[in-house]
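Q: One structure coming up, written as structure tokens, with questions to follow.
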Amino acid sequence: MEIIEHHRLAGRPQARPPRWIDRLEPWLHRPGIALAILLGSLLLTGLAWWATRHFALDDARQRFERRTDEVHARIERRMASYEAMLRGGVALLAAQPDVDRAAWRRYVETVQPERHYPGIQGVGITRLLRPHERAAHEQAVRAEGFPDYRVHPAGERDLLTAIVYLEPLSGRNLRAFGFDMASEPVRREAMLRARDSGLPAMSGTVRLVQEDGRNVQSGFLVYLPVYRHADGRLGAATTRVEPQRLWGWVYAPFRVQDLMRGILGSDIGSIAFEIHEGSEPNGGRVFYRSEAVESVADATRPMQRGRALVFGGRTWTIAYTGSDAQAAADTWQSNLVAVCGLSIDLLLYWSIAALARRKRQSEREMQQQSLQAEGRLTTLTAVSGLLPDAVLVFELGEDGEHRLTLTNPAFSRWFGLRPEDLIGLSEVAVDEWLDGLTHDGEVMPPLQQGEAHIVLAGPPRRVLDRRRREAGAQRVYYFRDITYQTEVERLKNEFLTTAAHELRTPLASVYGFAELMLHARVDESRRQRAVQIIHRQAGVLKHLVDELLDLARIDSLRGRDFVAEEVDLRRLAEQAGEALLPPDAPGRIRVEVGAQPALAQVDAAKLQQALTNVIGNALKYSPPQTTVQVDLLQRHDAAQTWLGLRVRDQGVGMTEEECERAFDRFYRADPSGHVLGAGLGLSIVREIIEIHQGRVELHSRPGEGTTVVLWVPGCEPTPAFGPTEQAASSAGAPASRIEPAAVPPRADTAIAD
């Protein structure tokens, strides 16, 4: 049934869509629906283009207004700062009535107009003179070091003024030194307005006397009146303006283009503006145009805005013009919406029409193929479900790739992957799922490579043989489990290699000395020595054969020949120690097992064989002058008492890697051959203890010796057998095997230390 379900997953969607989708899909395939959808989508695209264009225009208008407000505010703030600077000059005269030329220069240098007030040409003082004071005034200024000074232009006037202080007094400003600004009507009007109002007054546009004929610009001046009050001090007007007390003016000349460049720099973007005299944008004379006016004027639909600027009693109208409207009208966003919308509309129309045609064609083809596929899949499903091997079936799709259509239960069980995760994937995609499942980070050969050996990490660890077969549009991969055959082959090769090596060494000695005695005349002493060597090497051969037979018997019988009886482990330890105690070193083995009984249900002969192997290893790998200690341990848990036979030596010890391999068959920590043995002793020990439902613990460090503990389940001191069991034991019948018990807990208690 599982295989059949896999085929269903491969042939149709896994989940049924909602019912309204079922009704919608046939409706979409009707004739004319694709054209109707195209017309509707074109209408939506047009609406989207119009909305995008409208929003872009509105956004451009808002940005234009924000930018003009910013430019206007910057001009207003800068003109206010110029007024503050002039008021500072008036304050200086009020605080220090005898201000001389040096003091005025220090004031202007402190203010630093070229740094903080860019666009201003200078800061000066112009004095009001009586006609009869003209000659005395000129003589006084000439005495200050200006021999060519004169009030100009020449001529008699009812209102006479002269520029006496002007800083910086260099370059262009030297032309203005001594100039009578009241001689010119535009300047005179502003000066009189300042005198009569007591407030700053800005003149109309004039040509400054500083102009030298190069880069001539329109200019204007700002005047702030200074009065001499009744107490003789100078200062600004108080609550009541008294024009007859006018002393002079603090003033500043400006060149319009330099002023605007100093205020705005080049940071005005796409905005251009013109400054008109008067309150009407088109009624007054234009005395300034920004550099962007010509480029903005070329725009088809520029945005315009006029704002008035009132300062010093005069009104300027600033007409702002922006090209953002044209840029927004032709903005790429709206054009992009139109292009993308049309592309999507046409693609949608083509897709729906093509899908309808393809669906009708697919339905006809599916009807023809369904009967053929049903029979083939039914047969394949029945066969693959019975196979013990893992199977993957790929079929060639319309895209030219083989895609997975079938797996069987063995594949899911071995690889741990669900069929629904893989069905419909290509070979490359299936390789990505299988990547990382191999043993020790090995790279799994890709499926398209065909035949390969694969080692799965497990658990359990598996060795698989992969093969591939192709038939028409199908490609089938078979995975056969060869773990058992591989392990048997490895053990066989390892056994043959090790056994041949271990048997060859003593056989060579036996053969050599036997041949010597057979063919040569030797004296009695040499002959006796040869017989001893032959006897000793024959014992080595017998020991090796006995170990091989023991291991083979344990593997084949798995405890069926074990005779369980109640044994006191104290006596068993003492017997093992006495059997292995060297005659020339009676203190080499020390057995400390205490006086209390330590009873366990075990096969005494097999357990003594295991203990003898452990003690023998301790003697072989320990220096002759050291002691091997045997004692008893005891552990308890909720349901079981565990008894442990512990053997400790002071030998060479083992590394952590050697400890992990110590129980492998034919493994020897000392491969040099100086210590006799085939590397089967600890393997036999582990087999015996595990059949007794116990466990072997091994702890060792290089140079610090080795400790081995044989744990077996303990029992209460009761008779070993009843009458029936004694009869069975005397008859040599094996005891029943016991089911595996829990691992003994770590709570050691020494019975005797």
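Q: Taking R0 as 30 Å, what FRET efficiency do you get between Glu291 and Glu184 from their Cβ-Cβ distance, rounded to the nearest 0.05?
A: On the way: r = 30 Å, r/R0 = 0.98.
After rounding to 0.05, the efficiency reads 0.50.
Q: Across segment 571-581, in residue order, what do the Karplus-derived ³J(HN,Hα) couplings come to in whole Hz, using 6.51 cos²θ - 1.76 cosθ + 1.60 with θ = phi - 60° and x for Gly and Pro?
A: Once θ is set to phi - 60°, the couplings for segment 571-581 become 5, 5, 5, 5, 5, 5, x, 5, 5, 9, 5 Hz.
Q: When the C-alpha atoms of segment 207-267 are aligned to their principal axes, what extent does each axis show, in angstrom, from largest down?
A: 48, 28, 15
Q: Taking 30 Å as R0, compute the FRET efficiency from the Cβ-Cβ separation of His152 and Arg77 and round it to 0.05. Could you put the intermediate results ahead of the total?
A: Details: r = 36 Å, r/R0 = 1.21.
According to the calculation, E is roughly 0.25.
Q: While we're on this one: Multiply the residue separation of His54 and Gln625 by 0.36 nm, subtract the distance between their alpha-carbon atoms, and state the gained length in nm to one decimal. Numbers along the way, then the final one.
A: Working: separation 571, 0.36 × 571 = 205.56 nm, distance 10.44 nm.
So the chain would gain 195.1 nm between His54 and Gln625.
Q: Same structure again: Quickly work out the Leu336-to-Val241 label distance, labels modelled 7 Å from Cα along the C-beta direction, and quote it in nm with one decimal.
A: 5.9 nm
Q: Another question about this same structure. With no solvent and one point on each alpha carbon, what is the Debye value of log10 I(q)/I(0) for segment 86-131 at q = 0.16, 0.29 Å⁻¹?
A: Listed by q, the Debye log ratios stand at -0.48, -1.20.
Q: If you don't mind, there's one more thing I want to ask. Taking the Cα-to-Cβ direction at Ala471 and at Glu442 and moving 7 Å from each Cα, how far apart do the two end points lie in nm?
A: Modelled inter-label distance: 3.0 nm.
Q: State the extension gain, in nm to one decimal, for the chain segment bounded by Arg61 and Asp637, taking 0.36 nm per residue of separation less the distance between their alpha-carbons. Walk me through the numbers on the way to the answer.
A: Working: separation 576, 0.36 × 576 = 207.36 nm, distance 8.77 nm.
Working it through step by step, the gained length comes to 198.6 nm.
Q: While we're here: Please state, to two decimals, what the Cα-based radius of gyration of segment 121-233 comes to when divided by 2.2 N^0.38 Å (N = residues). Before the final figure, lay out each step's value.
A: On the way: Rg = 14.3 Å, N = 113, 2.2 N^0.38 = 13.3 Å.
Normalised by 2.2 N^0.38 Å, the Cα Rg of segment 121-233 equals 1.08.
Q: As an exercise, use a Förster radius of 51 Å and the Cβ-Cβ distance of Glu432 and Ala514 to find the FRET efficiency, rounded to the nearest 0.05. Write down the numbers at each step before the final one.
A: Values: r = 66 Å, r/R0 = 1.30.
FRET efficiency, Glu432 to Ala514: 0.15.
Q: If you don't mind, there's one more thing I want to ask. If you rank Tyr478, Tyr149 by how much accessible surface each has, with a 1.4 Å probe, what is the order from largest down?
A: Numbers: Tyr478 90, Tyr149 10 Å².
Result, largest first: Tyr478, Tyr149.
Q: Continuing with the same structure: Out of residues 5 or more away from Val591 or on other chains, whose amide H comes under 5 Å of its own, with H placed 1.01 Å from N in the peptide plane?
A: Val630
Q: Calculate, in whole percent, how much of the Cα-Cα pair population of segment 61-100 lies beyond 14 Å.
A: Values: 489 of 780 pairs.
Counting pairs separated by more than 14 Å, the tail of P(r) holds 63 percent.
The values are calculated or read from the model by the stated rules, or taken from the named source; none is laboratory data. Remember, predicted model here, so these are calculated numbers, not experimental data. For neighbour counting, all protein chains shown are included, and Cβ atoms are generated from backbone atoms with ideal geometry for every residue, glycine included. Surface areas here come from the heavy atoms of the whole protein model, side chains and all, with no ligands, DNA or RNA. Shrake-Rupley method; radii C 1.70, N 1.55, O 1.52, S 1.80 Å.
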